[in-house]
1. If each residue of separation counts as 0.36 nm, what is the full-extension length gain between Leu283 and Asn368 once their alpha-carbon separation is subtracted?
2. Of the residues Gly242, Gly365, Gly347, which exhibits the maximal mean-square fluctuation in a Gaussian network model of the chain defined by a 10 Å Cα contact cut-off?
3. Over region 325-426, what relative contact order in percent results from Cα pairs under 8 Å that are six or more residues apart?
4. What's the extension gain from Asp343 to Gln230 if we count 0.36 nm per residue and subtract their Cα-Cα distance?
5. Taking amide hydrogens as modeled 1.01 Å from N in the peptide plane, which residues meet the under 5 Å criterion relative to Ser273, leaving out close sequence neighbours?
6. Taking the Cα atoms of the chain, what is the range of coordinates along each of the three principal axes, in descending order and whole Å?
7. Which of Ser224, Ile280, Asn202 sits closest to the plus end of the dipole of the chain, meaning its Cα is farthest towards the positive end, when Lys and Arg get +1 and Asp and Glu get -1 on the C-beta?
8. Give the calculated FRET efficiency between Phe170 and Ala136 to the nearest 0.05, with a Förster radius of 41 Å applied to their Cβ-Cβ distance.
Amino acid sequence: MGENEQIPDATGLSRRGLIGLAVGAGAAGLAIGAGSGVAGGVALGRARERQVQDAAVSGDGIHQSGITTPVQDHLHFAAYDMMARTTRDDLASLLQDWTYAATRMMQGLEVSATGAVGGSPEAPPDDTGEALGLPASNLTITFGFGPSLFDDRFGLADQRPPGLERLPAFLGDDLDPERSDGDLCIQACADDPQVAVHAIRNLSRIAFGRARIRWSQLGFGRTSKTTSDQATPRNLFGFKDGTANILADDTAALDEHVWVSASEGPAWLAGGSYLVARRIAMLIETWDRTRLAEQDRVVGRDKAQGAPLSGGDEFTAPDFAATDAAGKARIDERSHVRLAHPDFNGGIRILRRGYNFVDGNTDLGRLNAGLFFLSFQRSPDRYITVQRALATDAMGEYLKHVGSGLWAVPPAPAPGRSIGAGVLGD
Ligand code: HEM
């Protein structure tokens, strides 16, 4: 691999940040080199930079981290739009710079060698500094490419994966376009909220002049698990969530339900996945006035243990044929668990990785709260099938889908390469 193909070193990154922030240059201005005043720091940092590039393998080196990684406690998710008049080169350089900075931050390093305090006192620092002294906190940064990235702006129309379109309208949608879609997305998860926020803040800053945040979402309290070691957490309805999720060690299920295979195309997406985000408002006050037995019926599991209403414990398979003495199905036909279950969806499973959110309160004094639902699946169709099946979900009375997005999630970049190298063919 030639030197030019490498992810840029600290010089390139520093220049972009400094020019963009100090001068307020647009995309054209970013390409013009200017004295950055970081030369001393760069010389010092070079050896370290190389080590970082050598170690630049996210997750297992095949798939991006942040999918099967044990679910962390906090989320900062952001969707971005490329700015007007940006070019394919701007997109390529942005993805290089993002990969470089993300790789460093996932190792607990600052975004560049000079970081928050090692650069010129006359220039804004490369790193914003709020994560100084904090550990990596299991930070994962996962990148996705939205349907709109494959329009005619960047010459990527022939690379569009099949089915990568805006999700169709679903019953009960009340979507806010300003909380939906986006050319690109970044999912940052960490055990420390400050580390997740630092990641999105710095990646947004690096994007200056090329892409800007379209919308973003903070999340706390994971609502799923991806390993059997993790206890099943509870969502804001107070129910265990993630019991039947796909786990990281179930490689057969991951291959069948989550990873895009080489034969499905396009080639750059093999080993990747599709990410769906749904901002789902939960009508918490209404739910809280609902009888416990009714809450159980709506979910199809009991609140105490998360056991299916057909009996057994949390991990007993639900028996949808089981009836009570009066001959009534023990697991209601409109319960969430029954309608979402693979038995009624052609065997489809999805990997859920959502978070709770509370964004203050409404004018009526109710909590503006819900579930920021995130799931990874092998094709958009698979998600659409499951959500359509939930059209008659008894839980629907307590939910309102207010934001939505779909992105193709490329596989992990090869060491030293950009997350965009595959799709951009360079
Ligand atoms: C605020 C909205 C939602 C809440 C509160 C919620 C809650 C739950 C709960 C408590 C369970 C049972 C425990 C478990 O296996 O995880 C569950 C299961 C499940 N949910 Fe949701 N869910 C929501 C939205 C969705 C959406 C939008 C989808 C997909 C379109 C979905 C798909 C599933 C699936 C596939 C299962 C597992 C079914 C099984 O195999 O048993 N959920 N959900």
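The values are calculated or read from the model by the stated rules, or taken from the named source; none is laboratory data. Remember, it's a predicted structure, so these values are computed and weren't measured experimentally. When we count neighbours, we look across all protein chains shown, and the Cβ atoms used for this are built from the backbone with ideal geometry, even at glycine. To get the accessible areas, we keep the full protein, side chains included, count just its heavy atoms, and leave off ligands, DNA and RNA. Shrake-Rupley method; radii C 1.70, N 1.55, O 1.52, S 1.80 Å.
1. 29.7 nm
2. The residue with the greatest mean-square fluctuation here is Gly365.
3. Relative contact order here is 24 percent.
4. Answer, rounded to one decimal: 38.1 nm.
5. Val260, Val409
6. So the extents along the principal axes, rounded to whole Å, are 81, 48, 38.
7. Of the listed residues, the answer is Ile280.
8. Numbers: r = 37 Å, r/R0 = 0.91.
In this case the efficiency is close to 0.65.
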